[in-house]
Each structure stands twice: as C-alpha cells, then as structure tokens.
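Asker: Just dropping this structure here.
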Amino acid sequence: MTEKKLVTVILPTIGRPTYIQKTLSSILSQNYDNLEILISDNLPKIPKEKIIKNISDSRIKIVERNKRHDFSEHMNLCINESSGFYLMILSDDDLLEPTYISNMVKAFETNESVYVGIGYQKILDEYTETLDFNANREKEMKIYDGISYIKNDFYGKRNAPIYTYLSLFARKYDILKSGLFKNYEDGSNADNFLFYSLASKGKLVIINDLMGYRIYKKSFGLSTPFDNLYAATTKYNSDIS
C-alpha cells in the first residue's frame, strides 16, 4: 500500500466559536485520517479554549494572530504555515461529508492532470445542524478542461451549482506556484482568481461528495463598501481577461 499523503485543512476563523465545533466535528469524522487541521484565529485575544472547547486531537494546530490581517494576507499566511502535500480551505461554519477528503485525494491520485478540486455544494442557513447526505446530486465525479470551464463560468454558463471557490482543494506546490491569493480590495474575488489560476494549468474535478456552505440571511447584501468592491472587480476582470 502507498502511504497516504498529508492533507492540511485550513480553517480560518474570526472569533466565531458558535459553529466551529460542528465544522471541526465534520473534519474529524473524515474516513481519511492523515490530516493536519490548521485553525487560524484572525481576531486577536480569543482564547484557544473558547475555539475548540473540549475537543482534543493531536492533528489540530491553532495559530493565534497578534493582529488582524487582510483576507488575502491571512489566507497566504495559513498556506505558508501548512505542512500538507494537499491543502483544503474550509470556512469555520461549513460542513463536510465523511468521505469528502478521501474521494478528493483519490480523484487527484488517479488523474495527474487535475490541478484543483471542489465538491458538490449545498447551501445551509444559520439554523442547519447537519448535512443531508441523501440530497439530490450528481452520482459521479466530473472532470473538466480547465480553460473551457473558466470561460463558461466567467460568462455565467456554470457546469455545476458552485457557490464558493474558497473551499478549493489542491497540491500545496501548485498553490504556491500559482501565486497564492491576490490582494484585491477586502479580499473580493481572491478565491475565484486562485481557483481559475489553478484550473488554467490543466483540469479540474468536481466530486459528488457534499460540502455544506453556510449563508446568513442577515448578511445578505454588500458587506464591502461599493467603491472597494468596484475597484476589486475591475482589477479582477482585467486579470482574468
């Protein structure tokens, strides 16, 4: 048997211990055990005990920041501090199906031309406790030519119901080579650009395992000042073109 490659799950948080317990639980329940769970608190002075409470696992590594970092700067710090051959980024309030990571690794190990992967995403509201693993979805993973997917996605012709690219899965080496997260205003579009940068190198995979992506009704609308969002989007569109 070949040795399982280490997967680092990057879990950035901003002092929100309410949901992170369930997110951690879904990571620790994965049937792929060679994990490093890197929790990075981007809001100083939140004690470790409040973040993980009674959860004890040697795979968990908590980084406490001494100041608040911009989105892209924070994500790039996490990537550079990770030890995994593969990296996955997960928000501190999302959920994973137990087979998610093992099937993602399998997709990469059996398709060397794949540079980036995402799962089948299901939107959760602020009250949802668990994922419905029997939800309607594609039955098999799909592999796409990266450039074709980017063109379709950029012009609104998505091949799958994807809502966020922050949850991307890739080799650390390829992420570093792609230039990490770009420093757009307030982090707007930074995850999209990194995803596109990776996909442009070859192929991308969408596995059928579920990732629950949480959205809050109270936060709908622009949380970023319009001028900042406009500047970020203008620069992003130019870079993608």
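The values are calculated or read from the model by the stated rules, or taken from the named source; none is laboratory data. Since this is a predicted model, take the numbers as computed values, not measurements. Please note: Cβ atoms are built from the backbone with ideal geometry, for glycine as well, and neighbour counts cover all protein chains shown. Just the protein is used for accessible areas: all its heavy atoms, side chains included, with ligands, DNA and RNA removed. Shrake-Rupley method; radii C 1.70, N 1.55, O 1.52, S 1.80 Å.
Asker: If you check Leu77 against the conditions, is it touching a residue at least 24 places away in the same chain (Cβ under 8 Å) and open to solvent by 30 Å² or more (accessible area, probe 1.4 Å)?
Answerer: yes
Asker: Please count how many residues of region 85-101 are under 16 Å from Leu28 (Cβ atoms), modelled with pLDDT of 95 or more and surrounded by fewer than 20 Cβ atoms within 10 Å (Cβ to Cβ).
Answerer: Looking only at that region, the number is 0.
Residue-by-condition table, conditions (1) farther than 24 Å from Arg214 by Cβ; (2) among the hydroxyl-bearing types (Ser, Thr, Tyr); (3) in contact with a Leu (Cβ under 7 Å, 6 or more places away or on another chain):
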| residue | (1), (2), (3) |
| --- | --- |
| Phe85 | yes, no, yes |
| Ile89 | no, no, yes |
| Asp92 | no, no, yes |
| Glu97 | no, no, yes |
| Ala107 | yes, no, no |
| Val114 | yes, no, yes |
| Ile118 | no, no, yes |
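Asker: If you don't mind, there's one more thing I want to ask. Go through Thr18, Thr13, Thr99 for me and flag whichever is among the β-branched types (Val, Ile, Thr) and out of contact with any strand residue (DSSP E or B) (no Cβ under 8 Å at 6 or more places or on another chain).
Answerer: Thr18
Asker: Now a separate question. Suppose we filter region 141-167 for residues that are aromatic (Phe, Trp, Tyr) and either in contact with a Leu (Cβ under 8 Å, 6 or more places away or on another chain) or modelled with pLDDT of 80 or more (or both); how many remain? Explain how you work it out, then say what you get.
Answerer: Step one: list which residues in region 141-167 are aromatic (Phe, Trp, Tyr), which gives 144, 149, 154-155, 163, 165.
Going one step further and asking which of them are either in contact with a Leu (Cβ under 8 Å, 6 or more places away or on another chain) or modelled with pLDDT of 80 or more (or both), we end up with 144, 149, 165.
Number of matching residues: 3.
Residue-by-condition table, conditions (1) in contact with a Phe, Trp or Tyr (Cβ under 6 Å, 6 or more places away or on another chain); (2) within 17 Å of Asn42 (Cβ to Cβ):
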position	(1), (2)
Asp57	no, no
Ile62	no, yes
Lys67	no, yes
Leu77	no, yes
Glu81	no, yes
Ile101	yes, no
Thr110	no, no
Glu126	yes, no
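Asker: Pull out all pairs, ordered by first then second residue, where Cβ-Cβ is under 9 Å, the residues are six or more apart or on different chains, the first lies in region 106-133 and is over 20 Å from Ile150 (Cβ atoms) and in a strand (DSSP E or B), and the second is open to solvent by less than 80 Å² (accessible area, probe 1.4 Å) and hydroxyl-bearing (Ser, Thr, Tyr).
Answerer: Short answer, once both residue conditions are applied: Lys122/Tyr213; Ile123/Tyr213; Leu124/Tyr213.
Asker: Can we say Leu77 is hydrophobic (A, V, I, L, M, F, W, C) and closer than 25 Å to Asp132 by Cα?
Answerer: no
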